[in-house]
Amino acid sequence: MSAPFIGIRGLSKSYMRGERALPVLKNINLDIAEGEFLALMGPSGSGKSTLLNLIAGIDRADEGSIDIEGVDITTLGEASLTAWRSDHVGFIFQFYNLIPVLTALENVELPLVLKEMSRKERKERASLLLGLVGLSERVDHYPGQLSGGEQQRVAIARAMVTDPSILVADEPTGDLDRASAEEVLNLMRRVNEEFGKVVIMVTHDPRAAEKAHVIRHLEKGVLNAAPH
Amino acid sequence: MAIPISYSIKSLVTRKLTTALTAGGMALVVFVFAATTMLAEGLEKTLVETGSRQNAVVTRKGAPSEVQSSVTREQASIIESMPGIAAGAQGGRLAAKEIVVLISLTKRGTDKPSNVVIRGISSASAALREQVRLTEGRMPRPGTYEIIAGSSIARRFEGAKRGETLAFATRQWRVVGIFDAGATGFSSEIWGDADSLMQAFRRPVYSSVILKMADPLMFEDIKKAVESDPRLTLEAKRETEFYAEQSKAMSTFLRIMGTSLTVIFSLGAIIGAMITMYSAVANRISEIGTLRALGFHRSSILTAFLAESLITGLIGGTAGLVLASFLQFFTISTLNFQTFSELAFSFELSFWTALKSISVALIMGLAGGLLPALKASRMKIVDALRSV
Ligand SMILES: Nc1ncnc2c1ncn2[C@@H]1O[C@H](COP(=O)(O)OP(=O)(O)OP(=O)(O)O)[C@@H](O)[C@H]1O
Ligand SMILES: [Mg+2]
């Protein structure tokens with residue numbers, strides 16, 4: 001068997017709550033295959049977001065390793081980890097996290113500023129992605145002028161614009177109505193199927209989780225046994 | 001890789017009011033700084049231009065100004081006959097024995113008295129000052145109680161217009177002409193015949209001897225000749241230096257006052273900028289977390305927030321400077337406390353003053369923005385993202 005796309009071994013993390021260390025993730029082992037759409041479920045406070053953040057390289061583990069495409073990201077320093085994120089991870093947040101002072105196009109263009117790319121190329125690529133999420137008409141709108149569903153679609157375009165290999169989404173539909181949620185989920189599904197991105201999604205919503213290939217449950221920092 | 005500057009600019013535009021208020025505070029500081037510097041430079045320029053590099057001034061050793069100097073008739077004759085003095089157009093030597101006294105005159109439209117320099121001139125005096133042009137009337141005749149007034153005096157003092165009379169030293173003096181000497185101290189003087197003035201003021205001695213050097217390079221020789229002669233207890237200075245020294249005390253005072261005010265006010269402006277920037281950071285914590293997650297480095301966050309603060313400084317600095325530049329249209333007339341006489345001069349805006357003023361603004365921006373920007377750049381991504 002070849003190495004999994006993402007291999008997590010013995011991952012632990014605790015937060016300090018006053019004097020006491022509060023374990024949030026306990027010895028997590030998890031393999032994610034290439035092209036997988038994984039849903040992480042579990043009660044509030046079970047550590048879903050913490051796990052997702054560790055995989056996305058925006059938080060630090062206490063113990064264990066996270067191998068992604070042959071690189072153990074827990075060994076990377078601050079600057080290399082930042083560069084690694086910009087190359088490999090696309091983020092989708094519950095509250096979209098678009099930059100309010102930038103237009104839809106500028107928001108999507110933003111991650112490309114970090115790449116060797118001319119302004120013209122950036123604009124073209126950002127427009128292409130906005131077209132892909134069905135928002136060609138909204139390029140010059142500011143986030144405040146868009147509905148929640150539209151904002152989340154802009155966020156998906158932003159996450160995809162650098163062509164990352166992994167998309168992480170923390171409750172991407174948590175703030176959306178049913179119809180918008182459906183649209184966003186279908187889009188994520190498409191991103192996974194057509195573009196082959198690994199998608200890792202934290203969600204409370206069973207209907208959202210249905211879109212995933214694999215659903216894993218976290219309970220008090222422990223990952224439930226993998227389904228067979 | 002830097003966050004586009006447009007992000008910083010747009011963030012500033014979004015909070016127009018706080019940006020304007022913060023920049024306004026900085027503008028005030030820059031205005032004060034620029035205004036005092038311009039004043040000091042205007043004063044220096046006026047007094048430096050009063051002197052000529054070709055001329056030397058001979059006064060009593062250690063006399064801080066012509067008013068406090070005395071040169072006896074014998075000493076003046078020795079100076080006059082020294083070698084190295086240029087010849088005038090009519091053949092005579094270009095050396096002028098002069099007497100300088102202060103009189104008190106009333107300003108037009110007020111009853112406030114002010115000290116005015118009155119200079120007793122001899123035949124060579126006008127030829128020694130190329131800046132001096134007679135604009136009205138004629139020169140005073142020797143042996144008469146006739147005077148001519150500098151343009152700035154004629155404008156501001158009662159009885160100093162052509163055809164009017166001034167009363168001082170128990171006599172009536174008729175103004176027979178007006179002269180203009182540009183932005184120099186002479187424009188703030190009254191000139192009359194030296195002998196008449198000495199008589200009227202009962203002063204047996206001159207104040208100074210001004211001479212034009214045949215060659216300015218010979219100054220050291222002339223100085224040595226004057227200062228080594230045991231009959232003379234006098235000293236010689238280049239006229240440019242002589243007047244520059246007269247501006248020193250006052251311009252130093254202006255500069256120290258300007259710097260002190262700038263430092264005090266800028267502390268306020270810096271604190272203002274800091275409060276603004278801290279709240280800008282606090283309002284955008286999750287935005288900062290997002291930018292970091294997207295792959296922007298700590299240094300990019302630092303730069304973006306510093307840029308906001310620096311741009312605020314630039315706006316304030318420019319506004320303050322533009323405001324201060326209007327001062328160039330004003331002329332200040334005040335007591336030069338080195339000579340105890342009235343002197344008119346203008347605010348002078350030089351390229352360096354402009355540059356320094358903008359630097360003051362940028363320094364305020366930097367000082368106010370640094371801590372908030374550091375705080376923004378050091379935030380942990382997950383903590384930043386959790387705060388919605
Ligand atoms: N920065 C932090 N400091 C202290 N405790 C934290 C921090 N982040 C998370 N925790 C704690 O760790 C635990 C797991 O948090 P996490 O956000 O991973 O849970 P979650 O499963 O995503 O929950 P939810 O479904 O409510 O989002 C919680 O008890 C939380 O209070
Ligand atoms: Mg969570």
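Tabulated values for the structure
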read-out: Cα→Cβ-extended label distance, 7 Å offset, between A:D72 and B:R133, nm; value: 8.7 nm
read-out: Pair B:R162, B:K356: separation of 7 Å Cα→Cβ label points (nm); value: 4.0 nm
read-out: Ratio of Rg to Rh over the protein assembly as shown (Cα coordinates, Kirkwood Rh, two decimals); value: 1.31
read-out: Total charge dipole magnitude, region B:97-234, about the Cα centre, Cβ charges on Lys, Arg, Asp, Glu only, Debye to nearest 20; value: 480 debye
read-out: Per-selection Kirkwood Rh - region A:137-228 (Cα, Å, 1 d.p.); value: 14.4 Å
read-out: Anisotropy class of region B:128-174 from Cα gyration tensor, a/c 1.5 cut; value: oblate
read-out: Ellipsoid semi-axes in whole angstrom, largest first, where each is sqrt(5λ) of the Cα gyration tensor of region B:1-118; value: 56, 23, 12
read-out: Cα-based convex hull, region B:62-232, per residue volume (Å³, whole number); value: 122 Å³
read-out: Region A:141-191, relative contact order [Cα under 8 Å, separation at least 6], %; value: 43 percent
read-out: Within-15-Å neighbourhood charge of B:G24 [Cβ basis; K, R +1; D, E -1]; value: +2
read-out: Mean ellipticity per residue at 222 nm, deg cm²/dmol - from DSSP H runs of n ≥ 4 across chain B, formula -39500 (n - 2.57); value: -17000 deg cm²/dmol
read-out: Debye log10 I(q)/I(0) for chain B, one point scatterer per Cα, at q = 0.09, 0.10 Å⁻¹; value: -0.65, -0.72
read-out: Equivalent ellipsoid semi-axes - Cα gyration tensor, chain A, angstrom; value: 29, 20, 17
read-out: Descending principal axes extents, region A:49-122, alpha-carbon based, whole Å; value: 42, 29, 18
read-out: With eigenvalues of the C-alpha gyration tensor scaled by 5 and rooted, region A:175-228, Å; value: 22, 15, 9
read-out: Range in chain B, longest, excluding exposed GluC sites (Glu not before Pro) [loop by DSSP; at most 15 other beta-carbon atoms within 10 Å]; value: B:165-388
read-out: Exposed trypsin sites (Lys or Arg not before Pro) absent - longest run of chain B, DSSP non-H/G/I/E/B, at most 16 other C-beta within 10 Å; value: B:232-379
read-out: Principal-axis tilt of helix B:219-228 within chain B, Cα atoms, nearest 10 degrees; value: 60 degrees
read-out: Cβ-defined net charge surrounding B:G258, 11 Å radius [Lys, Arg +1; Asp, Glu -1]; value: +1
read-out: Chain B: angle of helix B:5-14 to the longest principal axis, Cα-based, in degrees nearest 10; value: 90 degrees
read-out: C-alpha long axis of helix B:351-378 to longest principal axis of chain B, angle in °; value: 20 degrees
read-out: Vicinal HN-Hα couplings computed from phi for region B:40-54 (Karplus, 6.51 cos²θ - 1.76 cosθ + 1.60; Hz; Gly/Pro x); value: 4, 6, x, 4, 4, 4, 4, 6, 5, 6, 5, x, 10, 5, 7
read-out: Long-range amide H partners of B:I332 with built H, under 5 Å; value: B:F345, B:S346, B:F347
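No lab work stands behind these numbers, since they all come straight from the coordinates. Note that the coordinates shown come from a computational prediction; the quantities given were computed from them, not determined experimentally. Because the Cβ atoms are built from the backbone with ideal geometry, glycine has one as well, and the counts that use them run over all protein chains shown.
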